[in-house]
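The next block holds one structure in the form of structure tokens; read it before the comments.
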């Protein structure tokens, strides 16, 4: 069997909601997570289903870097939950920092460049 296609959804409006539902219905796809500008009533159900919410990733992409203390405000989650999500994102190396307590920034692992930017180095 081939490796499943890993999908991340950016935005959880009408279209993002449908894409996420379609991906989870497929046997050959895995929903890695959803990035949205807020974690409000529309996205809370995803968290309960175990789908990671990446408001922090999107905010970091927009701003360039993000102070760790802002995780609670950005995610609109309790402090411990926001810290847990930030820790998970740094462990997955989606967000990185030069120091353990410094601001985080977005980094693209080298093995994802062909997927994220097809033909960039062609």
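Bear in mind that the values in this text are calculations on the coordinates, not laboratory data. Nothing here was measured: the structure is a model prediction, and the numbers come from that model. Don't worry about glycine lacking a Cβ; one is built from the backbone with ideal geometry, like all the others, and counts go over all protein chains shown.
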| Cβ-Cβ FRET estimate between residue 114 and residue 87, R0 fixed at 30 Å, reported to 0.05 | 0.60
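Work out the FRET efficiency for residue 2 and residue 80 from their Cβ-Cβ distance, taking R0 = 41 Å, and round it to the nearest 0.05. Numbers along the way, then the final one.
Values: r = 39 Å, r/R0 = 0.94.
According to the calculation, E is roughly 0.60.
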